[in-house]
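Visitor: Sharing a structure here in structure tokens format.
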Amino acid sequence: MKSGLRILVVGSGGREHALVWKLKESPRTERIFCAPGNAGIAQQAECVSIPGSDLSGLADFAEREEIGLTVVGPEMPLAEGIVDAFQERGLRIFGPSRAAALLETSKIWCKQTLSKHNIPTGCFAAFDDVTDALTYAETQEPPLVVKADGLAAGKGVTVAATFEEAQTAIKAAMVAGAFGDSGRRVLIEEYLEGPEVSIMALADGENLLRLPASQDHKPIFDGDKGPNTGGMGCYSPVPLLSDDLAEQAMETIMRPTMAAMAAEGRPYVGCLYGGLILTDEGLKALEFNCRFGDPESQVVLPRLGGDLVDLLEAALDGQLGDGELPSDRGAAVCVVMASGGYPGEYQTGKLIHGLDSLESTRDVVVFHAATTKTDEGLVTSGGRVLGVTGLGDTLPEAIDAAYGAVDQIGFDGAYWRRDIGRRAGEVG
Ligand code: GLY
């Protein structure tokens, strides 16, 4: 029998809560910590107030507490080299090296690599000079996609319906510095049309084990209107992605990307997240993330069969099989409850009601994205506050479970989309 482990999860949002929740389910988990975590995570893990940016502080903690497995949630510590820093000290950590995280941290490098290895993706051009970017944009038929090269917390992408909109986006990134250094170089891409789907897979440097597919709802308003957010909810499975199509995605995009990373001297270990689009010409890669998706993890992990601790260990040992992981639950839908005003300005410190009565509900899990404990009770502490995940045998059951729970929770100014998961019915 394998020994028990002390586990550390790095991060503080809904994705990290879902990771803690799933890892805690494993009989292998002896003790679980989260740095820095949040008030909801603190109900399941021991939270330690070390920020994700303090790589040596986190490694010191892992050494001192004899952590056997660290799992990294957000992209920033990966971009800064947390995996390299831990490995230099002989600590086991799940995630890509800094070199492999380039797949997410430079959109330009990602597209150039996809193109070099003949992996299907849209046409693009990369610029580090604003005049060149504007001249190119003027010659292209709109709509166009303008993307900051580096990390921009999900805000670096503009779909420009006209040249004037593209011009504004290019100048905002390259001249006004809207994304700091991340926007000094930009990608201009052809706009691809079709439904998007996220495929996450566990990677051991060579093999990929596919997790259930999911679909995100990024715009703030119902009907996919308004500005993009970090994600207002998601659902899994994705009816449009038949088993055949999912296998095609693995064969034409996901596995070739793994092979490309190895060929580029950046072997990929961690969660490989492919943002794909189903166009009239077939599946294409929009972009890759080097981590578990958020909020996608809040539907994918609750559906997942199998022991996540064993799976992550197998990935670190280069022992993942190829294939697809089984699902325990038929469907999951996550509705994000946000602070009024998000993704613009919003207030925090609002008392949250109604969570206690949901605790014993089998078909609902509430993941906390931004909550803090006060003497009065739990209060909001960010834009996306809670991810309310409903489970069921089918998507309609999961939708009912999620919205039934949302109706019981409240805080001043709470906002959520009313149509999460409904899109699945339109394409199914
Ligand atoms: N939901 C998109 C992401 O995780 O980046």
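None of the figures in this text is laboratory data; all of them are computed from the coordinates on show. This one's a predicted model, so the numbers in the text were calculated from it and none came from an experiment. For neighbour counting, all protein chains shown are included, and Cβ atoms are generated from backbone atoms with ideal geometry for every residue, glycine included.
Visitor: Can you report the principal axis dimensions of segment 105-167 using only the alpha carbons, biggest first, rounded to whole angstrom?
Guide: Extents along the principal axes: 32, 26, 21 Å.
Visitor: Using the Karplus equation 6.51 cos²θ - 1.76 cosθ + 1.60 (θ = phi - 60°), what ³J(HN,Hα) coupling, rounded to whole Hz, does each residue of segment 242-256 give in order, writing x for Gly and Pro?
Guide: 5, 4, 5, 5, 4, 5, 4, 4, 5, 6, 9, 10, 5, 5, x
Visitor: Considering only C-alpha atoms, what is the centroid distance from segment 12-51 to segment 213-232, in Å?
Guide: If you average the Cα positions of each part, the centres end up 26 Å apart.
Visitor: Can you tell me which lysines have their Cα less than 16 Å from the Cα of residue 171? Leave out same-chain residues fewer than eight positions away.
Guide: Output for residue 171: 147, 155.
Visitor: In percent, what relative contact order does the chain have, based on Cα pairs under 8 Å that are 6 or more apart in sequence?
Guide: 16 percent
Visitor: How much length is gained on full extension from residue 247 to residue 376, taking 0.36 nm per residue of separation minus their Cα-Cα distance? All intermediate terms of the calculation are to be shown ahead of the outcome.
Guide: Details: separation 129, 0.36 × 129 = 46.44 nm, distance 5.04 nm.
Net length gain for the segment: 41.4 nm.
Visitor: Counting only residues 5 or more places away or on other chains, whose amide H sits under 5 Å from the amide H of residue 121 once H atoms are built in the peptide plane?
Guide: Amide H neighbours of residue 121: 285.
Visitor: Continuing with the same structure: Quick one: P(r) of segment 276-399 from all Cα-Cα pairs, 10 Å bins, percents rounded to integers, in order of increasing distance.
Guide: All Cα pairs, binned at 10 Å, distribute as 11, 29, 34, 21, 5, 0 percent.
Visitor: With runs of 4+ DSSP H residues as the only contributors, calculate the mean residue ellipticity of the chain at 222 nm using -39,500 (n - 2.57) per run, divided by the residue total and rounded to the nearest 500. Mind showing how you got there, number by number?
Guide: Details: 14 runs with 119 residues, N = 428.
The helix-only estimate for the chain comes to -7500 deg cm²/dmol at 222 nm.
Visitor: On a C-alpha basis, how far is the centre of segment 59-97 from the centre of segment 150-197 in Å? Whole number, if you could?
Guide: Rounded to whole Å, the Cα centres lie 31 Å apart.
Visitor: How big is the shadow of the Cα convex hull of the chain, averaged over all directions, in nm²? Display every interim value, and only then the final one.
Guide: Details: hull surface 78.9 nm².
That works out to 19.7 nm², a quarter of the Cα hull's surface.
Visitor: Quick one: if you stick a label point 7 Å off each Cα along the C-beta vector at residue 118 and residue 322, how many nm between them?
Guide: It works out to 1.8 nm between the two label points.
Visitor: Quick one: divide the alpha-carbon radius of gyration of segment 137-252 by 2.2 N^0.38 Å and tell me what you get.
Guide: Numbers: Rg = 16.7 Å, N = 116, 2.2 N^0.38 = 13.4 Å.
It is 1.25.
Visitor: Could you run the Karplus curve 6.51 cos²θ - 1.76 cosθ + 1.60 with θ = phi - 60° over segment 336-346 and give me ³J(HN,Hα) per residue in whole Hz, x for Gly and Pro?
Guide: Computed from phi, the couplings for segment 336-346 are 8, 9, 10, 6, x, x, 4, x, x, 6, 8 Hz.
Visitor: Two decimals is fine: what is log10 I(q)/I(0) at q = 0.13, 0.15, 0.22 Å⁻¹ for segment 181-239, from a Debye sum with one equal scatterer on every Cα and no solvent?
Guide: -0.55, -0.71, -1.03
Visitor: Stretch residue 139-residue 49 to full length: gain in nm at 0.36 nm per residue minus the Cα-Cα span? Walk me through the numbers on the way to the answer.
Guide: Details: separation 90, 0.36 × 90 = 32.40 nm, distance 5.09 nm.
Stretched out fully, the residue 139 to residue 49 stretch lengthens by 27.3 nm.
Visitor: Ignoring solvent entirely, what values of log10 I(q)/I(0) come out of the Debye formula for segment 338-428 at 0.14, 0.16 Å⁻¹ when each Cα is a single scatterer?
Guide: -0.52, -0.67
Visitor: Another question, then. Enumerate the calculated ³J(HN,Hα) couplings along segment 51-68 in order (Karplus 6.51 cos²θ - 1.76 cosθ + 1.60, θ = phi - 60°), each rounded to whole Hz, writing x wherever the residue is Gly or Pro.
Guide: Listing the rounded values in order: x, x, 7, 8, 5, 6, x, 5, 5, 4, 4, 4, 5, 5, 8, 6, 6, x Hz.
Visitor: How many percent of Cα pairs in segment 14-111 exceed 24 Å? Please report the intermediate quantities before stating the final value.
Guide: On the way: 1025 of 4753 pairs.
Considering segment 14-111, 22 percent of its Cα-Cα pairs are separated by more than 24 Å.
Visitor: Another question, if that's okay. Say R0 is 35 Å: what FRET efficiency, to the nearest 0.05, do residue 221 and residue 176 get from their beta-carbon distance? Mind showing how you got there, number by number?
Guide: Details: r = 26 Å, r/R0 = 0.75.
For residue 221 and residue 176, the calculated efficiency is 0.85.
Visitor: Percent of Cα-Cα pairs more than 18 Å apart in segment 310-373, please.
Guide: Values: 1251 of 2016 pairs.
It works out to 62 percent of all Cα pairs.
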